[in-house]
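Asker: Please read through the structure below; I'll follow up with questions.
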Amino acid sequence: MENKEFINPQDIQIQGLLDRHLRSQVSRNNSATQERHLDEDALAAFAEGNLSEREALPIVSHLVDCSFCRHVTAELVRLDLAFADDEVRVAAGENQPSKISEVLSNLLSRIFGTNDSAVFAHQEKEEDSENTEDSKGIEK
Amino acid sequence: MSREAIQHENLFPECESLMVEIYERCSEKAPNFGVLAEHLKDSLCKTVRKYLQNNSSEEPTTEEVKNFLRQIQADDLFLAIACANGNERAWWEFDQQHRSYLERVARHLARTDIDAQEVVDSVYVELYGTRVVNGERVSKFATYSGRGSLRGWLRTVIWHALVDLHRASHDEVSLDEMTENVGEGYAHATFAKVNLGGEVDRINQIAKDRYRKATLSAIENAFANLDDHEKLLLLYYHVENLKLREIARLVENSESPLRGWFQRKSVSREKNPATRIHESTVMRWLEKSYAKVLKMFRTELQAVHKLSEDELNICMELATEDLAGQNLYRNLTTT
């Protein structure tokens, strides 16, 4: 920085002091002191900067005290930046998804070692003829 | 319609037509999702209650609720409701739009591709819902409110799923330690216990200890007296090691309350509230917070601990020796 030489030495000293103070404080007061953590919906909305002042007030206050939630929001901001230029859509047909009940049944088999088809017993039926047309590509 | 929704409708009858308008717009774009107007209204009312009514004794005005509803990511919410209901077409759409993104995020965060795949699989199962309560399947999608984007919410779900995965394989590790292993993690530090050498004069040592104690108390109180948004900024920068450009990203939205609190008295903001926030702006906010801390720090040392200007300088020098502090400009060389 060109103007670094004009900085008051006490400004630099206070930064260092604050830096160590905050880090040591976090080491001592972990998030276990917090009774409840913010849910995923609130964390995501805050990290995206979507909340109004009224909504954000209690969340900011929580984040000051809760290192766990604060860390999550920091990671979400990093993720957001890392994927900012990410191509969001996969070209149609490139990755044709299977019927969702099949996808989930396969997942369950892999995770629990069983095909728990009962879970999908209430699967919705096709609603109308238009649906049938749309769904052709994804049904067996 | 649920009882809660009816109550809310009575509170804000003026918002009814706006909710219908939102429904019609979404429904026109996705007529095959099978979402009823009541489903969307219930969800919107739940979101209003959660964000506008939950933490404030003051009821929101009709205009506030209307503005709030206009900001809802309605298309994302519509898709989430349809998926929660198990609509096949909606799931196809969701899979098409978001699966590869979920996989990329998981691979970015996880240590191995196997972990990443496992996380994506478990998130899919959770999103569909395997738990049945009162005869109804509970889908994770039901917890999405539409306040943020669906993609932002999915990132958070993936992040938590990864933490859970690590916890499952490391029972003995605390939640705090675990979160350090996901993402870039923390760099904890503690105050250095300075070894002054065995030959230090005892009187000198007692005086130094007194200065150190006063210094610690003053810095603690100075920080405690900051506003919450200033505290959070400093914690993001010093503890979470967010870079200036990352903090700028957090306040990118011109309506961001954090940005609003820092710029409350700013003339330039009044002229042009939507101006982009640069790293230099965040640096100025940090500098203002440091200046405030320094002022309160000095005031406490002088007023409470009755230290003179010379003694105050000794405190600062001792702290500097002890801590070998870093300065504000460390990130400018790397960004």
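Asker: Go through B:ILE247, B:ILE219 for me and flag whichever is modelled with pLDDT of 90 or more and more than 30 Å from B:ASN313 (Cβ to Cβ).
Answerer: B:ILE247
Asker: Here's something else I'd like to know. If B:ILE72 meets every condition in (1) in contact (Cβ under 8 Å) with a residue 60 or more places away in the chain; (2) over 18 Å from B:TRP153 (Cβ atoms); (3) among the hydrophobic types (A, V, I, L, M, F, W, C) apart from one, which number is that one?
Answerer: Failed condition: (2).
Asker: If you don't mind, another one. Identify all residues within segment A:61-76 that are hydroxyl-bearing (Ser, Thr, Tyr) and more than 15 Å from the chain's Cα centre (by Cα); write none if there are none.
Answerer: Scanning segment A:61-76 gives A:SER61, A:SER67.
Asker: Residue check: is B:SER57 open to solvent by 10 Å² or more (accessible area, probe 1.4 Å) and at pLDDT 90 or above?
Answerer: So B:SER57 fails the test.
Asker: Give B:GLU24, B:GLU16, B:GLU64, B:GLU58 a once-over and let me know the one that is part of a loop (DSSP other than H, G, I, E, B) and not basic (Lys, Arg).
Answerer: Checking each option against the conditions leaves just B:GLU58.
The values are calculated or read from the model by the stated rules, or taken from the named source; none is laboratory data. Source: prediction; values computed, not measured. FYI the Cβ positions are ideal-geometry reconstructions off the backbone, even for glycines, and counts take in every protein chain you see. For the accessible areas, the whole protein counts, side chains as well, though only heavy atoms, and no ligand, DNA or RNA atoms are used. Shrake-Rupley method; radii C 1.70, N 1.55, O 1.52, S 1.80 Å.
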